[in-house]
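A.B. asks: Below are the structure tokens for one structure; questions will follow.
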Amino acid sequence: MIWNPTKECMSREQMRLLQGERLRKLVDRVYHNVPFYRHKMQERGLIPGDIATIDDIVKLPFTTKQDLRDNYPHGLFAVPMSEIVRIHASSGTTGKPTVVGYTRHDLTVWAEAIARCLMAFGTTREDIFTVAYGYGLFTGGLGLHYGVEHLGATVIPMSTGNTAKHIQLMHDCESTALACTPSYALYLAEQIAKSGIPREELRLRVCILGGEPWTENMRTEIESSLHVDAYNIYGLSEIMGPGVSYECECKSGSHIVEDHFYPEIISPDTLEPLPYGEQGELVFTTLTKEGIPLLRYRTKDLCSLIAEPCACGRTSVRMSRVMGRSDDMLIIRGVNVFPSQVESVVLELPEFEPHYRLVVDRVNNLDTLQVQVEVREAFYSDEVSQMMALKKRISDRLHSVLGIAADIKLMEPHSIERSEGKSQRVDDRRVLK
Ligand code: DLL
């Protein structure tokens, strides 16, 4: 079943016409309402009238996370705050988060996009969903939540944490669909096995997984241990949140919601567009967004685009799995973490040397983060209570900046290896099999 056959199965020519029409309106809007874009366009000698078809998109400037940061918090909003009905945020590269705002229309588009995903996953209004993405500033929880309601199904807003209660509710409320990160699905499978609840007593049949990279092997493991069909959902808060693309029953690439988000692949080095099929950095233009419309936003996700028609009948361009990042962003327990955020905390606190390392691992399907940081000579002490206080200070500050807890290892002065070239601050030991 297809939620919006008109849009999801449109002919390519019609889709490109629609995208061109929407792009023209978008460029006009940002030119007049967002000084940042007006300046960028003026720098290139562009006026809105120069954009006639979707092919003209290559004339437009790129947008990066740094641009959102430079215009923190609301500088890129294209409507007055009175039109904004919701704010979300994700990790910035240093202390400040990246703030995005949605108008009522943006939220309607989002809920509709998620309903398209959910129907592609084979769920209907008869299904009962537990949403175990975080509710709050992260777009996962509320994004899925309103999409499930839009579909007309039932949503149980579990959020993260409290796995025992989650399993109990899934069992007692007979939930049939689960939305969470792939690593949490693996963890949950283990916990269900330990709980003693016979698998036959659970009605779960579909898992909606995203927010972090995963692999075909993880799909096989999740599908066999939870006895479900597992589907990929992709998205990022700057563009909307979850629901920018989704798999269908063919599970061969994720269909992009192309009438709202125009995809391009560029070379991260030359920034030149690459043809379909080639791997490069994914770039999106939000064709209809009102709150914070973005031109050619560089996601830093590396993947390729698939133009061949899909057997499911949808005509939209698909994206391959995300193969990596063109920056140093890590996703730890579903939360985006930049080493520069850790650095900003370390530099803020006078007790520490600017030498640190992040050790990331996956133990029993849960990500762990250890931050090793050097204490300055003058603050290094044999007294346990002093060291404990120091540890708590940095641990609390890091928790508040990163949004996740880290195990802190205080290191003696000069004990972290200095590198001559590019410093190796991250040791990511997770192997995505
Ligand atoms: O992770 C939105 C989301 C929530 C998507 C729940 C799917 C499900 P951000 O926190 O802004 O938003 O992080 C976006 O996460 O650029 C990718 O690097 C990564 N990512 C998200 N979904 C996938 C996926 C949400 N299915 C960043 N596969 C993106 C691989 C993913 N990476």
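The values are calculated or read from the model by the stated rules, or taken from the named source; none is laboratory data. Keep in mind it's a predicted model, so treat the numbers as computed, not measured. All Cβ positions, even for glycine, are placed from backbone atoms using ideal geometry, and neighbour counts span all protein chains on display. Calculation scope for accessible area: heavy atoms of the full protein, side chains included, ligands and nucleic acids excluded. Shrake-Rupley method; radii C 1.70, N 1.55, O 1.52, S 1.80 Å.
A.B. asks: What whole number of Å gives the distance from the Cα centroid of the stretch 367-391 to the Cα centroid of the stretch 131-185?
C.D. replies: 38 Å
A.B. asks: Please report, for the Cα atoms of the stretch 330-432, the Rg to one decimal and the Dmax as a whole number; what are they, in angstrom?
C.D. replies: Both quantities, over Cα of the stretch 330-432: 13.6, 42 Å.
A.B. asks: Order TYR262, TYR135, TYR146 by their accessible area, 1.4 angstrom probe, all chains in place, largest first.
C.D. replies: TYR146, TYR135, TYR262
A.B. asks: Would you kindly state how much longer the chain becomes between LYS25 and HIS399 on full extension, computed as 0.36 nm times their sequence separation minus their alpha carbon distance, in nm to one decimal?
C.D. replies: Additional length available on full extension: 130.5 nm.
A.B. asks: For the chain, what is the Kirkwood estimate of the hydrodynamic radius, computed as the reciprocal of the mean inverse distance between distinct Cα atoms, to one decimal in Å?
C.D. replies: 23.0 Å
A.B. asks: Right, something else. Can you list residues from other chains, or at least 5 along the same chain, whose modelled amide H is less than 5 Å from the amide H of ILE332?
C.D. replies: Residues meeting the amide H criterion: VAL337.
A.B. asks: May I ask you to list the lysines whose Cα is less than 25 Å away from that of LYS96, ignoring any residue fewer than eight positions away on the same chain?
C.D. replies: Straight-line reach from LYS96, under 25 Å: LYS40, LYS65, LYS289, LYS300, LYS391, LYS392, LYS409, LYS422.
A.B. asks: Local charge sum around PRO350 (other residues, Cβ-Cβ under 11 Å, Lys/Arg +1, Asp/Glu -1)?
C.D. replies: So the environment of PRO350 carries a net charge of -1.
A.B. asks: Give the distance, in whole Å, between the Cα centre of the stretch 2-40 and the Cα centre of the stretch 207-269.
C.D. replies: The two parts, judged by their Cα centres, are 22 Å apart.
A.B. asks: How big, on average over all directions, is the shadow cast by the Cα convex hull of the stretch 294-377, in nm²?
C.D. replies: 9.0 nm²
A.B. asks: Restricting things to alpha carbons, find the Rg to Rh ratio for the stretch 1-117 using the Kirkwood radius for Rh.
C.D. replies: When Rh is taken as the Kirkwood radius, the ratio is 1.00.
A.B. asks: A further question follows. For the stretch 182-315, with equal point scatterers placed on the C-alpha atoms only and solvent neglected, what are the log10 I(q)/I(0) values from the Debye formula at q = 0.10, 0.15 1/Å, to two decimals?
C.D. replies: The computed values of log10 I(q)/I(0) come out as -0.41, -0.81.
A.B. asks: If you count the DSSP beta bridges with both ends in the chain, what percent of them are antiparallel, to the nearest 5?
C.D. replies: Among the beta bridges of the chain, antiparallel pairing accounts for roughly 65 percent.
A.B. asks: If you don't mind, there's one more thing I want to ask. For ALA52 and CYS173, what does the FRET efficiency come to when R0 = 41 Å and r is the distance between their Cβ atoms, rounded to the nearest 0.05?
C.D. replies: That pair, ALA52 with CYS173, gives E of 0.20.
A.B. asks: Continuing with this model, one more query. Sorting check: for 96-105, 356-365, 173-182, which peptide has the highest mean count of neighbouring beta carbons within 10 Å, and how do the rest follow?
C.D. replies: 173-182, 96-105, 356-365
A.B. asks: Of the DSSP beta bridges with both residues in the stretch 330-432, give the percent that are antiparallel, rounding to the nearest 5.
C.D. replies: 60 percent
A.B. asks: As an exercise, use a Förster radius of 22 Å and the Cβ-Cβ distance of ARG86 and GLN14 to find the FRET efficiency, rounded to the nearest 0.05.
C.D. replies: 0.10
A.B. asks: Mind giving me the nanometre distance, one decimal, between the label points for GLU223 and ARG38, set 7 Å out from Cα along Cα→Cβ?
C.D. replies: In this crude spin-label approximation the distance works out to 5.3 nm.
A.B. asks: Accessible area per residue, 1.4 Å probe, Å², for the chain: what's the number?
C.D. replies: On a per-residue basis, 43 Å².
A.B. asks: Hey, if we sort LYS392, LYS194, LYS59 by accessible area with the 1.4 Å probe, largest down, what's the order?
C.D. replies: Accessible-area ranking of LYS392, LYS194, LYS59, largest first: LYS194, LYS392, LYS59.
A.B. asks: Can I ask one more? Order the following by accessible area, largest value first: TRP3, TRP214. Probe radius 1.4 Å; ligands, DNA and RNA are ignored.
C.D. replies: In descending accessible area the options line up as TRP3, TRP214.
A.B. asks: Percent relative contact order of the chain, based on C-alpha pairs within less than 8 angstrom and at least six residues apart?
C.D. replies: Relative contact order comes out at 14 percent.
A.B. asks: Can you give the alpha-carbon Rg of the stretch 199-250 over 2.2 N^0.38 Å, where N counts its residues?
C.D. replies: 1.26
A.B. asks: Kirkwood Rh, the stretch 214-292, all Cα pairs: how many Å?
C.D. replies: 14.4 Å
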